[in-house]
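Student: Before I ask anything, here is the structure I am working with.
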Amino acid sequence: MKFGIFYVLECPDRDFSRAYREMLEQIAYAEQLGFDEVWLAEHHGSDYGSMPSPQVAAAAIAARTERMRIGIAVSNLTFDWPVRIAEDYAMVDVISGGRLDFGVGRGYQPDEFHNMGVADLQGESREVFVEALEIVRGLWSKRPGEPFSYHGKHFDLDNVDCRPTPVQRPTPPIYIASISPETLDLAADQGYNMLVTPTLMTMPELNAFVVDAKRRLRDLGRDVLSLDFPMNWQIHLADTEDAAVENARDALTWYFDAALAAVPQGPDVPPTYERYAELVTAADEAGGMTVEGLRDGGVVYVGDPDGLTRQLEALHDETGLQHLICWMRFGGLAHEKVMRSLELFAEHVMPRFRDRPAVVPRALRHDPATPLLPHPFHPTSPLAQEDTMGYLPVENDRRIYFEHHRGEGRPIVLIHGWGATARAWDTTLPALRADGNEVVTLDLRCCGRSDKDFDDVSIAALAADVVALVEHLDLDRPVINGWSLGGAVATAAAAQLGERASALVLTGGASPRYTATDDWPHGGTVADVEGVLAGVAANRAETFRGVAAAVCAQDPGEAVLESIWDMFMSMGPRGDDSLRDLATIDLRKEIAALEVPILLLHGRLDAFVPFSGAEAVPTLNDRAEVVEFPSSGHAPFLEERDRYLAALTGFLNR
């Protein structure tokens, strides 16, 4: 389970210097305590919140933290020009080294729409929001330097661009705030990650919405566990329940008075905001909100750590809760009380849930419409009839990204090289799909869209992920194809799979060894590898540009070089240690023991893995055969694409 903290940064006394100072101190302390992330909310023109530009706060936080991800919950897309939003948050992703989680919403407070000069758009805010989000995603996911155009009802753009490009490709993770049921429906139908909160509804209502959303995902053929559903919950912990209630009473009272005053209400509520007015009416009829009522409804948790643990146990089982954002500084709560609450949570609550496996909600586990299987990709499942993208938990709460492309033909898993992503196979994938193959690609640990903070990035760990993915998708004796470092991963994975794999393909594969030894005179030295890593540490961008330029034997053109460099730049720093492990790993015994066909597709001019190493593999295993690409360097699938595809598909069709 992941744990974050959250700030609206309400400032009742309007001492903004103190509020910002305390927030930054709390965030730095939370990182020390082991919290995974911080989330920031955008609000304008009232005491309710004092962060009109979360991107500014995010940059300050990036400079003060090393590990924590920085989430936005949310950027109000109806308040600003979407190109500017894309630029600002791309900067945050770059400055933070790829730690941005981008939450978006459409706003709900009428005074904010008035304050930002868009009061006339509140009734159309859902339309504006959808278009703005499409623009931000489009600007982020296109190739750098490529013009972008968009023609909608509210925005009309011709040949615009975004600088810089986010580190995380194709985009940072995107979350939609889902306070209203309608927005929850939108997020479920479109497959976005969802930010949910019981702040303006009771916990039973929220639980029902989350379970319904996950049911809809399942009915649409999606993996219920593939999307993130962080719940943002106002929490205050103290050593005793009575102390917690006493600590939080005034701050909670102030906050909910301010929140109810800010939401749409009265006879002129804009379309799609009626639920907020109903909430205000219900609160008035109940005589207002009290701390006791908020606690009874599960809108907040105020108490001791043991009570919170019990409630989280129930939420994990009932809704599949796997990601909790702790809103601990609310209503101007005193700094020392927030710090103590953080301490108690980290000491007594966090350890109880760190290693909890992800589960589907209890109602769906026992729903007859849900196949009770160890994975969702059984032939009778709707997921067996369409392509899927998703995330697979592999190390505690950390996940790898994968894409599963259906086909009736032989399954093949494509594993990219060091620093690359699944996008490396974009010129190979269409031909394999056209030939009817079932194709799986993935982003290795710390690469592309996979999480960046893994503890273990060894070749063995990467191979174990491939095996777990094969089992998760129930692939029937797949071919394992690895490029560059991915060749070592593919070899180790094929060895682990044994007879469950049908063949091994090494595309410029760094296997069985990447560096030379006395009895393997092929490759460079461990010192060479350390020199590359030292260059990366000194100037990551420039070193990766040089590596990208060396991939192909001939200049492939600026667009190809830019795409390769772009993949390298999306790798988190922990990924560097995968190359360090590759420098010393020896897989000759594994290659020799394989009882499946082995195909080596290798460029004669490879500057990274010498062709002589590929030629030596048949001396280890007589089932190995080598196909030479005389004009290619390290990437024959790019440099001699047609010959490469002919050789690969011919092998697959044997």
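Student: What number goes with the only condition from (1) farther than 27 Å from residue 105 by Cα; (2) of a type in the set (A, V, I, L, M, F, W, C); (3) open to solvent by 10 Å² or more (accessible area, probe 1.4 Å); (4) in contact (Cβ under 8 Å) with a residue 40 or more places away in the chain that residue 286 does not pass?
Tutor: (4)
Student: Of the conditions (1) closer than 24 Å to residue 638 by Cβ; (2) open to solvent by 20 Å² or more (accessible area, probe 1.4 Å); (3) not aliphatic (A, V, I, L, M), residue 499 fails just one. Which one is it?
Tutor: With respect to (1) closer than 24 Å to residue 638 by Cβ; (2) open to solvent by 20 Å² or more (accessible area, probe 1.4 Å); (3) not aliphatic (A, V, I, L, M), residue 499 is out only on (1).
Student: Is it the case that the stretch 55-78 has a residue that's over 27 Å from residue 31 (Cα atoms) and open to solvent by 30 Å² or more (accessible area, probe 1.4 Å)?
Tutor: The answer is no, given that none of the residues of the stretch 55-78 is over 27 Å from residue 31 (Cα atoms) and open to solvent by 30 Å² or more (accessible area, probe 1.4 Å).
Student: Next question, about the same structure. Before we move on, is residue 99 in contact with a Lys or Arg (Cβ under 7 Å, 6 or more places away or on another chain) and surrounded by 20 or more Cβ atoms within 10 Å (Cβ to Cβ)?
Tutor: Answer is yes for this residue.
Student: Determine whether the stretch 510-518 contains at least one residue that is open to solvent by 20 Å² or more (accessible area, probe 1.4 Å) and of a type in the set (Phe, Trp, Tyr).
Tutor: Quick first cut of the stretch 510-518, residues open to solvent by 20 Å² or more (accessible area, probe 1.4 Å) only: 513-514, 516-518.
Among the residues that remain, those that are also of a type in the set (Phe, Trp, Tyr) are: 514.
Looking for residues that are open to solvent by 20 Å² or more (accessible area, probe 1.4 Å) and of a type in the set (Phe, Trp, Tyr), one finds at least one in the stretch 510-518, hence yes.
Student: Can you list the helices (runs of 4 or more DSSP H) found entirely within the stretch 1-110 that contain at least 2 residues being without any contact (Cβ under 8 Å) to a residue 24 or more places away in the chain? Please lay out each step first, then the result.
Tutor: Details: elements: 16-33, 54-64, 82-95.
Filter on the stretch 1-110 gives 16-33, 54-64.
Residues are listed down the side, and each one gets a yes or a no for (1) modelled with pLDDT of 90 or more; (2) more than 23 Å from residue 215 (Cβ to Cβ); (3) out of contact with any Asp or Glu (no Cβ under 9 Å at 6 or more places or on another chain); (4) assigned to a loop (DSSP other than H, G, I, E, B):
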residue: 358; (1), (2), (3), (4): no, no, no, yes
residue: 375; (1), (2), (3), (4): no, no, no, yes
residue: 380; (1), (2), (3), (4): no, no, yes, yes
residue: 400; (1), (2), (3), (4): yes, yes, no, no
residue: 403; (1), (2), (3), (4): yes, yes, no, no
residue: 414; (1), (2), (3), (4): yes, yes, yes, no
residue: 445; (1), (2), (3), (4): yes, yes, no, yes
residue: 448; (1), (2), (3), (4): no, yes, yes, yes
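Student: With the requirement that a residue be touching a residue at least 60 places away in the same chain (Cβ under 8 Å), more than 18 Å from the chain's Cα centre (by Cα) and open to solvent by less than 10 Å² (accessible area, probe 1.4 Å), what does the stretch 425-452 give you?
Tutor: 425, 428, 432, 437
Student: For the stretch 111-149, how many residues meet the condition of being closer than 14 Å to residue 171 by Cβ, open to solvent by 40 Å² or more (accessible area, probe 1.4 Å) and in contact with a strand residue (DSSP E or B) (Cβ under 6 Å, 6 or more places away or on another chain)?
Tutor: Residues in the stretch 111-149 being closer than 14 Å to residue 171 by Cβ, open to solvent by 40 Å² or more (accessible area, probe 1.4 Å) and in contact with a strand residue (DSSP E or B) (Cβ under 6 Å, 6 or more places away or on another chain): 0 in total.
Student: Here is a follow-up. Would you mind finding the one in 274, 278, 292 that is more than 21 Å from residue 111 (Cα to Cα), open to solvent by 70 Å² or more (accessible area, probe 1.4 Å) and not small (Gly, Ala, Ser)?
Tutor: Working: 274 fails: more than 21 Å from residue 111 (Cα to Cα); 278 fails: more than 21 Å from residue 111 (Cα to Cα).
Of the residues listed, the single one that is more than 21 Å from residue 111 (Cα to Cα), open to solvent by 70 Å² or more (accessible area, probe 1.4 Å) and not small (Gly, Ala, Ser) is 292.
Student: Kindly indicate whether any position in the stretch 571-580 is surrounded by fewer than 17 Cβ atoms within 10 Å (Cβ to Cβ) and among the small types (Gly, Ala, Ser).
Tutor: There is no residue in the stretch 571-580 that is surrounded by fewer than 17 Cβ atoms within 10 Å (Cβ to Cβ) and among the small types (Gly, Ala, Ser).
Student: Which residue is farthest from the chain's Cα centre (by Cα), if the candidates are limited to the stretch 261-297 and must be at pLDDT 80 or above, more than 20 Å from residue 118 (Cβ to Cβ) and assigned to a loop (DSSP other than H, G, I, E, B)?
Tutor: 267
Student: Quickly run through the stretch 519-540 and pick out the residues that are open to solvent by less than 40 Å² (accessible area, probe 1.4 Å) and under 19 Å from residue 571 (Cβ atoms). Full working, then the answer.
Tutor: Taking the stretch 519-540 as the starting set, the residues that turn out to be open to solvent by less than 40 Å² (accessible area, probe 1.4 Å) are 520, 522-524, 529, 533, 535-536.
Hits for the stretch 519-540 are 529, 533, 535, 536.
Table: residues versus (1) of a type outside the set (Ser, Thr, Tyr); (2) assigned to a loop (DSSP other than H, G, I, E, B); (3) at pLDDT below 85.
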residue: 169; (1), (2), (3): yes, yes, no
residue: 183; (1), (2), (3): no, no, yes
residue: 189; (1), (2), (3): yes, no, yes
residue: 207; (1), (2), (3): yes, no, yes
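Student: Report those helices (runs of 4 or more DSSP H) wholly inside the stretch 543-651 carrying at least 2 residues which are small (Gly, Ala, Ser).
Tutor: Working: elements: 558-569, 576-582, 588-593, 611-620, 636-639.
Helices (runs of 4 or more DSSP H) meeting the threshold: 558-569, 588-593, 611-620.
Student: Here is a further query. Which pairs have Cβ atoms under 7 Å, sit 6 or more apart or on different chains, and link a residue in the stretch 231-254 that is part of a loop (DSSP other than H, G, I, E, B) to one that is of a type in the set (A, V, I, L, M, F, W, C)?
Tutor: Once the first residue is part of a loop (DSSP other than H, G, I, E, B) and sits in the stretch 231-254, its partners that are of a type in the set (A, V, I, L, M, F, W, C) give 238/244.
The values are calculated or read from the model by the stated rules, or taken from the named source; none is laboratory data. Keep in mind that what you see is a predicted model, and the values were worked out from it rather than measured. Neighbour counts run over all protein chains shown; Cβ positions are idealised from the backbone, glycine included. These area figures cover heavy atoms from the full protein model, side chains too; ligands, DNA and RNA do not enter into them. Shrake-Rupley method; radii C 1.70, N 1.55, O 1.52, S 1.80 Å.
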